[in-house]
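The values are calculated or read from the model by the stated rules, or taken from the named source; none is laboratory data. None of the values given here were measured: they were computed from a predicted structure. Neighbour counts run over all protein chains shown; Cβ positions are idealised from the backbone, glycine included. For accessibility, only protein heavy atoms count, side chains too; no ligands or nucleic acids. Shrake-Rupley method; radii C 1.70, N 1.55, O 1.52, S 1.80 Å.
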Amino acid sequence: MHIFETIRTANHNLFRNKVRTILTVLAIFVGSFTIILNTAINSGVNSFIDEQTTALGGDNFIMLMSKDSEAMMSEQMSASTGPQEFTEKTNTLGMLSNEDLEKLKNIDGIDADSFYSPTPLNGTGYITSRKTDKKYNVGSAMILPPGNFNIPLAAGTLVDQTDEAKQKNQIVLPPEYPQALGYERDEDIIGQTITFALKDEFNGTFKEFSAEVVGVEANGIVSSQFGMLLSRALYDEMYAFATKYYPEDYEAPTYYVMATFDNTRFSEDEIKQIIKDAGYSTWTIKDLMGTIRTFFDVIMIVFTIFGGIALLAAAIGIVNTLFMSVEERTREIGLDKALGMSSGRVYAEFATEAILLGFWGSVFGVVVAMIIGTVANTAVHAPGGFLEVFPTFDLFKFTISNVLPIIIVVMIIAFLAGTIPAWKAAHKNPIDALRYE
């Protein structure tokens, strides 16, 4: 009960001079508000990047390819990733032979059992719907890889992997395809049937395949990395048609493989150098995400420094406020000590006042920051907002783990700022204090 009484008394003393206390709280508010917004942005950015990382299989994900494949894929990723109107053009990438695959599997640190070749359908074909006369290139179409994949979706679900569902023709479309196919919103195309067409290279005609749209990928930093995701039944049907004139012993070409590496033994830089020495190219999560994460981290550090400067100014304000409070209450302190109040109790009251200044300023800053952040998240995802194309990217992300530490840190700073005035109050001589005019 003693603690609560001290807090109640300290809070009452603070608001004896409301104007001075409110101005000090506002100074603390500015610093804490700036820092919490920066922290929320940093949390939102890193959460989005982590989501994209998870979608690619985790921190130990690695893509292995020939040097020719790397050059071609870099060119493709730098080009527009949206729907491209259909043209009869075939992509060619540097293929990996069986000998190459065995060589890669034998590299120390690479998990040979994790090898997965997407075998995308890169033949001549197009996609369309009943709501548009336009046709669009199929691009890359593949089965969802096995393993730790959690691809963010703007609408719907991933292709159902149950045995019963594998017999259905289902598809998950990349971002922007619903609008290109004549649907206003991503949700509108869920459950609708779209049409694939692949070219019969022997007689020059196209065969059409129907598929139910079950999901739409969310736009991301590496959106459309997998392209269109097909159910096993649809993929097998299209693949059988695309290869029907091939020899019976035909093996699908391998352009690149996805795998994992032992990141407990090798860093990303070390495994990349080992693969480079073997004559191949590789992409890791660091290549896909590292530069972006570093860029945002640097910006957040700069803004946090500005918030820290604001808090330093607020700390000076706390010192000034409490020193003035000590001077104004000198006779009161003398009377309390003459009546038996200990120096420790006096110190505790003034230290508690400092902590409460930090508490009210930081809480006020957090509440206002959360209101502004929530409104901003809604605004930037609204039609025309600059994050409309990234529906899973919350610009401001508030969690207990990034809000509570800031409140605690600000309270500690306030306590340290109030230490000297509190010490001065605690060590006043009661006789001199009672004589103070």
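When you go through I221, I275, I292 one by one, which is the residue that is part of a helix (DSSP H, G or I) and modelled with pLDDT under 70? Talk me through it step by step, then tell me what you get.
Working: I221 fails: part of a helix (DSSP H, G or I); I275 fails: modelled with pLDDT under 70.
The conditions single out I292.
If only residues of the range 339-378 that are hydrophobic (A, V, I, L, M, F, W, C), assigned to a helix (DSSP H, G or I) and open to solvent by 60 Å² or more (accessible area, probe 1.4 Å) are counted, the one that is farthest from L26 (Cα to Cα) is V375.
When the range 231-249 is examined, which residues are found to be modelled with pLDDT under 85, open to solvent by less than 80 Å² (accessible area, probe 1.4 Å) and in a loop (DSSP other than H, G, I, E, B)? If the condition is that a residue be modelled with pLDDT under 85, open to solvent by less than 80 Å² (accessible area, probe 1.4 Å) and in a loop (DSSP other than H, G, I, E, B), then T243 is the only one that fits. Picking from residues in the range 80-130 that are farther than 28 Å from K244 by Cβ, open to solvent by less than 50 Å² (accessible area, probe 1.4 Å) and at pLDDT below 80, the one that is nearest to the chain's Cα centre (by Cα) is G82.
Is one or more of the residues making up the range 405-415 modelled with pLDDT under 80 and either touching a helix residue (DSSP H, G or I) at 6+ places or on another chain (Cβ under 7 Å) or part of a helix (DSSP H, G or I) (or both)? For the range 405-415, residues modelled with pLDDT under 80 and either touching a helix residue (DSSP H, G or I) at 6+ places or on another chain (Cβ under 7 Å) or part of a helix (DSSP H, G or I) (or both): absent. Residues that are open to solvent by less than 50 Å² (accessible area, probe 1.4 Å) and assigned to a helix (DSSP H, G or I) were ranked within the range 382-404; the one that is modelled with the lowest pLDDT is N402.
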